[in-house]
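Read the structure below first, then the notes.
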Amino acid sequence: MRQVAIVAFAQSRHTGHDTGLSEPELILPVINEVKDATGLKRFGFTCSGSCDYLAGAPFSFVSALDAIGAWPPISESHVEMDGAWALYEAWVRLQHGDVDSALVYGFGKTSMGDPRTLMTLQLDPYYLAPLGLDQVSFAALQASAAGVPREELDAIVRRSRADGRRNPFALDLPDELPADPVVEPVRASDLAPVTDGAAAVVLAAGELARQLCERPAYVTGIAHRIEPHYLGLRDLARSASAADAARAAEDGLGPVEVAELHAQFAHEEPILRRALELPDDTVINPSGGPLAANPVMATGLIRIGEAARRVHDGTARRVVGHAAGGPCLQHNLVTVLEA
C-alpha cells in the first residue's frame with residue numbers, strides 16, 4: 001500500500017447566516033490557503049464533496065470549479081456526499097501510483113433553506129419520505145433507543161460549545177441550554193447549528209509528502225461501511241457500520257490521543273465512542289465538533305482535517321477522524337492518522 005499523508009488543511013470562518021458569498025467565493029480562500037501552505041499550484045487529482053439539494057440546482061458543483069481553475073485541463077471528480085468521501089476517493093486515486101498529489105474540498109450553505117426539509121427530500125420516496133419524518137425525528141428515535149442520560153447529553157453540549165469558543169473557525173454559541181424539546185427527547189441544544197462553510201485538504205504520496213510538510217499526518221487506515229436505509233432493519237442504539245469501518249480501517253483502533261467525531265446530535269457521541277471502542281483518555285472533538293459548527297458537506301472533512309492538524313502541530317501522534325452520512329449514523333467513514 002502506498003504511503004499517503006495529509007500535508008495541509010484549511011477551513012473557512014464558519015457563520016450561522018448567509019453572508020452573501022457564492023459557493024466559489026466561499027471556497028476560494030481555503031483553496032488559496034492550502035496552495036500557499038504547500039507551494040503547489042496544480043494537483044495530480046482534484047475531488048470535491050457537496051449537495052445539489054443545498055444549492056437548489058443540479059450539477060451545482062460545476063460552478064465551484066471557478067475557484068479551482070480548470071484550465072489548463074485538470075483531472076477532477078465529485079461525490080454527492082460529505083467531502084470526507086471525496087478524500088477517500090482521492091486516497092484511492094493516489095494508490096494508482098501515477099500521480100503524487102490531490103486536492104480535496106467540501107462546502108455547503110445550509111442557511112439558504114431549511115435543512116430538516118431538504119434532507120427529507122433525499123429519503124426513499126416510496127417508504128420513508130411519505131411518513132413525514134425528518135432527520136430530527138429520526139434522531140429522536142435513535143436518542144430514545146440509546147437512552148443516554150440527560151445530564152450526559154448536556155455535558156457533551158456544554159463541552160462542545162466551550163471548545164468551539166476557543167476555535168476561531170467555529171460559532172460562538174451561548175452556555176444556556178433551552179429545556180424545551182424539538183422532538184422528544186431531542187432538545188434544540190442537542191442539534192448541530194445551521195452553518196455555512198468550506199474546507200480543503202491536500203494529500204501527498206511518498207517523498208512528496210515529506211517535502212511539503214514537516215510533520216505529515218500519514219493515513220495508516222481508512223475505510224467506510226454502510227447499513228440498511230430502513231431504520232427498522234437495524235439497532236438504533238448502536239452503530240454497527242462505524243464499528244465495522246473501524247475494524248476495516250485498522251484491526252482495533254488501540255491507543256488514540258484525539259478523535260474528531262462527526263456527531264450532529266449530542267446522543268451520537270456516546271454511540272460512536274462505544275462503536276469505535278475509544279479509550280477513556282481519548283480527547284473527543286477538541287475543536288468543538290459539529291455541535292459548534294456544522295457546514296453540511298464539509299463537516300466530515302473538517303473532522304479529518306482537525307485530527308490531522310493535531311499531528312501537524314505536534315500535539316498528538318495518533319488520531320482518528322470520523323465522518324457520517326445518512327439518517328441515524330447509517331454510513332460511517334473512519335480515518336486513522338499517525339505522525
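The values are calculated or read from the model by the stated rules, or taken from the named source; none is laboratory data. Quick caveat, the model's predicted, so the values are computed rather than measured. When we count neighbours, we look across all protein chains shown, and the Cβ atoms used for this are built from the backbone with ideal geometry, even at glycine. Accessible surface is based on the protein model in full, side chains and every heavy atom, while ligands, DNA and RNA are left aside. Shrake-Rupley method; radii C 1.70, N 1.55, O 1.52, S 1.80 Å.
The selection criterion, being touching a residue at least 24 places away in the same chain (Cβ under 8 Å) and surrounded by fewer than 18 Cβ atoms within 10 Å (Cβ to Cβ), does not hold for D163. For the stretch 142-160, the candidate set comprises residues that are basic (K, R) and under 30 Å from A200 (Cα atoms); within that set, the residue that is most open to solvent (accessible area, probe 1.4 Å) is R158. Looking across the stretch 248-266 at every residue that is charged (D, E, K, R) and modelled with pLDDT under 95, the one that is farthest from I284 (Cα to Cα) is identified as D251. Restricting the first member to the stretch 306-318 and to residues that are over 13 Å from V201 (Cα atoms), and the second to residues that are open to solvent by 40 Å² or more (accessible area, probe 1.4 Å) and of a type in the set (A, V, I, L, M), the beta-carbon pairs closer than 6 Å and six or more apart or on different chains are V311/A339; R317/A339. Within the stretch 1-20, how many residues turn out to be touching a helix residue (DSSP H, G or I) at 6+ places or on another chain (Cβ under 9 Å), surrounded by fewer than 18 Cβ atoms within 10 Å (Cβ to Cβ) and not basic (K, R)? Total satisfying the criteria: 6.
Taking the criterion of being surrounded by fewer than 20 Cβ atoms within 10 Å (Cβ to Cβ) and in a helix (DSSP H, G or I), the residues of the stretch 59-88 that qualify are V62, S63, L65, D66.
Listed by first and then second residue, the pairs with beta-carbon distance under 7 Å, at least 6 apart or on different chains, first residue in the stretch 107-133 and among the small types (G, A, S), second exposed (fewer than 14 other Cβ atoms within 10 Å of the Cβ), are S111/H17; S111/D18.
Please indicate, with yes or no, whether at least one residue in the stretch 214-222 is farther than 20 Å from G326 by Cβ, of a type in the set (A, V, I, L, M, F, W, C) and either assigned by TED's automatic domain parsing to the domain that holds H96 or in a strand (DSSP E or B) (or both).
Yes: one or more hits.
Looking across the stretch 16-34, the residues that are part of a loop (DSSP other than H, G, I, E, B) and not acidic (D, E) come down to G16, H17, T19, G20, L21, S22.
Annotation: T110 fulfils all but one of (1) in contact with a helix residue (DSSP H, G or I) (Cβ under 7 Å, 6 or more places away or on another chain); (2) hydroxyl-bearing (S, T, Y); (3) over 30 Å from F45 (Cβ atoms); the unmet one is (3). For Q122, the conditions (1) in a helix (DSSP H, G or I); (2) outside the structural domain of A204 (by TED's automatic domain parsing) all hold with the exception of (1). Looking only at the stretch 89-111, how many residues end up being among the β-branched types (V, I, T), assigned to a helix (DSSP H, G or I) and open to solvent by less than 30 Å² (accessible area, probe 1.4 Å)? Going through the stretch 89-111 one residue at a time, the tally reaches 1. Sub-9 Å Cβ pairs linking a first residue in the stretch 187-208 that is among the β-branched types (V, I, T) to a second residue that is assigned to a helix (DSSP H, G or I) and modelled with pLDDT under 95, at least 6 apart or interchain, are V194/T110; V194/S111; V194/P115; T195/T110; T195/S111, ordered by first then second residue.
The single condition among (1) part of a loop (DSSP other than H, G, I, E, B); (2) touching a Cys at 6+ places or on another chain (Cβ under 9 Å) that A37 does not meet is (1). Tally up the residues in the stretch 21-38 that are open to solvent by less than 50 Å² (accessible area, probe 1.4 Å) and either farther than 17 Å from M81 by Cβ or of a type in the set (S, T, N, Q) (or both), please. The total comes to 8.
Given the structure, is A307 at pLDDT 95 or above and touching a helix residue (DSSP H, G or I) at 6+ places or on another chain (Cβ under 6 Å)?
No: the conditions fail for A307.
Take the conditions (1) surrounded by 24 or more Cβ atoms within 10 Å (Cβ to Cβ); (2) closer than 15 Å to W85 by Cβ; (3) not acidic (D, E); P290 misses just one of them, which is (2).
Counting residues in the stretch 16-23 that are in contact (Cβ under 8 Å) with a residue 60 or more places away in the chain, outside the structural domain of A292 (by TED's automatic domain parsing), within 27 Å of V194 (Cα to Cα) and hydroxyl-bearing (S, T, Y) gives one or more. With respect to the stated conditions, S12 fails to be of a type outside the set (A, V, I, L, M) and either under 23 Å from A248 (Cβ atoms) or more than 19 Å from the chain's Cα centre (by Cα) (or both). Any residue that is more than 22 Å from P216 (Cβ to Cβ), open to solvent by less than 10 Å² (accessible area, probe 1.4 Å) and assigned to a loop (DSSP other than H, G, I, E, B) - is there at least one of those in the stretch 265-273? Yes, because at least one residue in the stretch 265-273 is more than 22 Å from P216 (Cβ to Cβ), open to solvent by less than 10 Å² (accessible area, probe 1.4 Å) and assigned to a loop (DSSP other than H, G, I, E, B).
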